[in-house]
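Report on the structure given below.
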Amino acid sequence: MNAIDSAMRPLPWTAEQVRQDNSWILRLTDEQVDGIQAALAHAKRLDKPLLAMEQADFPLSAAAQAALQQAIDMTQRRWGMCLLKGFPVNDWSEDDTRLAYWGLALYMGVGRTQNRASQFINDVRDAGGEYKVKGGRGYNTNAGLDFHQDSCDVVALLCRRTAKSGGTSKVVSSIALRDEILKRRPDLIAALQTPYFHSYQGTQDPTQPPYYQLPILGSHPEYFSARTNRKNIIAAQRDFPEIPRLTTAQTEVLDLLDELMPSERFCYSMELERGDMQLLNNYVTLHSRTPFEDYEEPDLKRHLLRLWLAVPSSQPLPDDWATYYGDVRAGAVRGGVRGSSITEEFLAYEKRQAAALNMPFETWRPKVTKEQMEAIIADLAAQSNDTVTAGNAA
């Protein structure tokens with residue numbers, strides 16, 4: 001899909017509208033599954049490291065490629081999401097699933113690193129982690145999660161095993177949320193457009209500061225984009241006393257979002273089944289999940305594999321979002337969190353994969369260094385002092 005095709009862009013939706021239209025749900029055909037199985041068998045014989053793989057190492061049939069292309073395209077259209085069902089995970093070991101998923105990703109986009117360990121595939125399962133603590137992330141816990149977006153164009157979750165109970169996926173349209181705030185509290189729209197400090201939760205590159213500054217609502221003149229993660233905003237307020245405190249309006253609009261996001265009107269719930277791949281456009285949707293209870297048997301425990309993808313059909317982003325995402329050009333390789341363990345193998349992979357998909361690529365560098373952030377903080381403090389002085393003089 002052409003990124004400038006305005007007729008097919010995402011639109012706002014309510015939960016009821018999603019329930020009434022299942023066009024965003026696709027199912028693999030037998031022919032497509034056979035194509036994936038054949039590609040997996042070929043890749044297993046080669047036994048190459050994941051980051052060394054190219055499309056030729058996972059020779060996917062035209063029919064299977066078409067299913068993946070349709071799914072990615074759907075994330076950039078009406079609903080901003082797609083559920084692609086029917087992956088034969090019951091036939092696969094955990095290693096097979098990982099290999100197949102990475103092979104499929106070679107046709108969908110460029111994988112991004114996701115945590116402080118710079119992993120490019122994450123296992124979403126309870127590993128005993130804690131969520132709302134300093135440095136806490138949700139993917140390695142069984143906790144219910146706040147609504148948030150992931151740091152990439154499209155987040156893809158492949159469900160290998162479901163929980164004994166719970167773990168329901170929840171999705172909302174951030175466009176619909178913006179429209180509702182505009183209707184209820186138009187005075188708070190400006191607060192969505194002001195920068196908020198977010199904690200990196202330890203996932204930054206060593207050259208970057210431990211927090212970054214970004215608005216919730218994007219300012220691109222043609223393309224809607226929004227993002228929020230209150231947990232990381234609160235973490236920044238808690239852990240970094242030097243950053244400005246939230247304004248009254250900023251707190252009010254965060255509270256209003258917390259009211260709207262889980263509401264029956266806006267929140268659509270779905271139960272991911274074995275073999276489902278959920279794909280979400282992170283600029284027009286927000287997602288969460290409910291807490292879950294697991295089975296005792298290790299191979300029955302809830303297990304999803306997560307990819308963060310930069311995709312060729314992505315929209316342009318606002319210029320000021322380069323602070324966090326890097327490259328804001330349509331279809332560019334961007335997003336992810338660098339962590340502290342980026343390898344030469346990953347750097348070679350992302351450059352090679354970008355070329356294979358004909359995606360704009362620039363070598364990563366921090367858009368804001370630690371030293372630059374110190375200067376920003378000092379400037380903000382000076383502005384605040386000037387405002388207080390002027391107020392006292394008045």
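The values are calculated or read from the model by the stated rules, or taken from the named source; none is laboratory data. Model, not experiment: these values are computed from the prediction. For neighbour counting, all protein chains shown are included, and Cβ atoms are generated from backbone atoms with ideal geometry for every residue, glycine included. Quick note on the areas: whole protein, heavy atoms, side chains included, nothing else; ligands and nucleic acids left out. Shrake-Rupley method; radii C 1.70, N 1.55, O 1.52, S 1.80 Å.
Between beta-carbons, use under 13 Å as the cut-off and find the net charge around residue 105, counting Lys and Arg +1, Asp and Glu -1. Taking every Cβ under 13 Å from that of residue 105, the sum is -1.
Among the protein heavy atoms of the chain, carbon and sulfur supply 50% of the accessible surface, probe 1.4 Å, non-protein parts ignored. About its Cα centre, the dipole of region 274-394 is roughly 340 debye, where the only charges are +1 on Lys and Arg Cβ and -1 on Asp and Glu Cβ. Mean-square fluctuations from a GNM of the chain, with a 10 angstrom spring cutoff on Cα atoms, peak among 262, 244, 221 at 221. Under the convention that each Lys and Arg Cβ holds +1 and each Asp and Glu Cβ holds -1, the size of the dipole of region 15-386 around its Cα centre is about 120 debye. For the residue pair residue 11 and residue 322, what label-to-label distance in nm results when each label sits 7 Å from Cα along the Cα-to-beta-carbon direction? The two pseudo-label positions are separated by 3.4 nm. For residue 27, the residues 5 or more places off, or on other chains, whose built amide H falls under 5 Å of its own are 85. For residue 315, the amide hydrogen comes within under 5 Å of the amide hydrogens of 331, counting only partners 5 or more places away or on other chains and with H modelled in the peptide plane. For the chain, the longest principal axis of the alpha carbon atoms and the long axis of helix 30-46 meet at an angle near 90°. Averaging the Cα positions of each part gives two centres, and for region 253-318 and region 355-369 these lie 26 Å apart. Beta bridges from DSSP with both residues in region 15-386: antiparallel share about 95 percent, rounded to the nearest 5.
A 1.4 Å probe over all protein chains sorts 225, 165 by accessible area into 165, 225, starting with the largest. Please work out whether region 143-210 counts as rounded, prolate or oblate from its C-alpha gyration tensor, where a ≥ b ≥ c are the square roots of the eigenvalues and a/c under 1.5 means rounded, while otherwise a/b larger than b/c means prolate and anything else oblate? Here region 143-210 falls in the oblate category. Projecting the Cα positions of 127, 99, 380 onto the charge dipole of the chain (unit charges on Cβ atoms of Lys, Arg, Asp and Glu, taken about the Cα centre) puts 380 furthest along the positive direction. A prolate overall shape is assigned to the chain, the ratio a/c of its alpha-carbon gyration tensor axes (a ≥ b ≥ c) being 1.5 or greater and a/b exceeding b/c.
Solvent-accessible area of residue 295, all protein chains in place: 80 Å² (probe radius 1.4 Å, heavy atoms, ligands and nucleic acids excluded).
Under a 5 Å amide H cut-off, with hydrogens placed 1.01 Å from N, residue 303 pairs with 160, 161, 162 among residues at least 5 apart or on other chains. Ordering 212, 308, 176 by the projection of their Cα atoms onto the charge dipole of the chain, which places +1 on the Cβ of Lys and Arg and -1 on the Cβ of Asp and Glu, puts 176 at the extreme positive end. Remark: region 96-106, residue by residue, has Karplus-estimated 3J(HN,Hα) of 4, 4, 4, 5, 4, 5, 5, x, 5, 4, 4 Hz, where x stands for each Gly or Pro and the curve is 6.51 cos²θ - 1.76 cosθ + 1.60 at θ = phi - 60°.
Per residue, region 139-198 exposes 32 Å² of solvent-accessible protein surface, assessed with a 1.4 angstrom probe and all protein chains in place. Overall shape: oblate for region 188-254, with the ratio a/c of the largest to smallest alpha carbon gyration tensor axis at 1.5 or above and b/c at least equal to a/b. Here the Karplus curve 6.51 cos²θ - 1.76 cosθ + 1.60, taken at θ = phi - 60°, turns the phi angles of region 74-90 into couplings of 5, 5, 9, 10, 2, 8, x, 7, 8, 10, 9, 9, x, 5, x, 5, 5 Hz, with x standing for Gly and Pro.
Overall, region 137-225 carries a charge dipole of about 500 debye about its Cα centre when +1 sits on the Cβ of Lys and Arg and -1 on the Cβ of Asp and Glu, all other atoms neutral. The HN-Hα couplings worked out from phi for region 317-323 by the Karplus form 6.51 cos²θ - 1.76 cosθ + 1.60 (θ = phi - 60°) are 10, x, 4, 6, 6, 4, 3 Hz, whole numbers, x standing for Gly and Pro.
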